[in-house]
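The values are calculated or read from the model by the stated rules, or taken from the named source; none is laboratory data. Note that the structure is a prediction, hence the values are computed from the model and not measured. We place every Cβ from the backbone using ideal geometry, glycine too, and count neighbours over all the protein chains shown. Surface accessibility is based on the protein's heavy atoms, side chains included, excluding ligands, DNA and RNA. Shrake-Rupley method; radii C 1.70, N 1.55, O 1.52, S 1.80 Å.
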There are 2 protein chains.
Amino acid sequence: MVEHNPAQLDAVFHALGDATRRKMLRALTQGERTVSQLAEPFDMSLAAASKHIKALESAGLIHREVRGRTHMCRLAPAPLAGAHDWLSFYERFWTDHLDALERLLREDDARKQSAPARKSPAPKRGVKS
Amino acid sequence: MVEHNPAQLDAVFHALGDATRRKMLRALTQGERTVSQLAEPFDMSLAAASKHIKALESAGLIHREVRGRTHMCRLAPAPLAGAHDWLSFYERFWTDHLDALERLLREDDARKQSAPARKSPAPKRGVKS
């Protein structure tokens with residue numbers, strides 16, 4: 001089993017717990033972006049957007065490079081692998097859970113299909129001429 | 001592609017962004033627990049532990065059942081599948097990234113191995129007697 005660094009998992013999951021930050025990561029899958037480009041789609045101040053970028057940066061999910069007066073950001077995807085791996089441990093639990101739900105639904109369907117047949121009287125047949 | 005509910009992802013990732021809450025989830029993989037049992041391993045007040053449990057509950061990761069005076073908690077793993085699936089999108093990015101790192105390391109090793117041969121003079125051979 002992979003050893004997980006609790007402080008890094010804290011930072012990564014915290015960074016992902018916000019839709020704006022998740023959208024910024026998604027934008028970076030298209031290539032590197034300046035801070036202003038990352039902030040542009042959101043209805044918020046540049047200061048507010050910068051705070052989100054800093055949260056991503058301190059989780060190690062963004063690498064920032066200063067080129068003259070421009071801050072270029074690019075995706076640093078490696079810490080996402082740790083979070084994904086942490087979650088994978090629970091896969092058998094959600095699979096079992098979903099299997100159980102599906103079984104219940106199937107049993108419920110089967111009950112509904114057999115119930116009317118027992119309750120309703122046999123359909124009347126037209127008298128043969 | 002699975003449609004993700006942003007509010008649920010916010011709540012799930014937020015809930016996972018804390019080592020205590022992750023440990024509580026892990027404890028619940030062993031079976032259901034009372035609130036006190038969940039709180040017991042942690043050096044914190046029952047009130048503080050309850051706050052963590054509430055964060056897990058509002059993310060839909062814990063199902064709480066009141067039985068008389070006891071609150072029983074059990075793992076509700078389904079929302080973890082959504083978070084795992086969201087992260088899976090980034091798998092190709094971290095794989096490419098790790099592949100690139102590995103390539104760099106290999107190239108660096110190769111350079112180190114070939115460099116001394118070029119730099120250092122040929123070892124002197126003893127004069128044959």
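Data table
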{"item": "Threshold 40 Å² - residues in region B:12-41 whose accessible area is reduced by that much or more when the chain is no longer isolated, probe 1.4 Å", "result": "B:F13, B:L16, B:G17, B:R22, B:R26, B:T29"}
{"item": "Partner chain coverage, peptide A:75-82 - average Cβ within 10 angstrom", "result": "5"}
{"item": "Check: region A:40-96 dipole with +1 on Lys, Arg Cβ and -1 on Asp, Glu Cβ, in debye", "result": "380"}
{"item": "Net +/- balance of residues flanking A:R33 in space, Cβ distance below 14 Å, scoring K and R +1, D and E -1", "result": "+2"}
{"item": "Two-decimal log10 I(q)/I(0) for region B:1-76, as the Debye equation yields it once each C-alpha is a single scatterer, q = 0.22, 0.24, 0.25, 0.28 Å⁻¹", "result": "-0.97, -1.12, -1.19, -1.41"}
{"item": "Averaged over A:4-11, number of beta-carbon atoms from partner chains that fall within 10 Å", "result": "3"}
{"item": "Protection proxy ranking, peptides A:86-98, B:51-63, A:103-115, average beta carbon neighbours within 10 Å, highest first", "result": "B:51-63, A:86-98, A:103-115"}
{"item": "Given charges at beta-carbon only (K, R positive; D, E negative), |dipole| of chain A in Debye", "result": "1020"}
{"item": "Between A and B, accessible area buried - total, square angstrom, nearest 100, 1.4 angstrom probe", "result": "2900"}
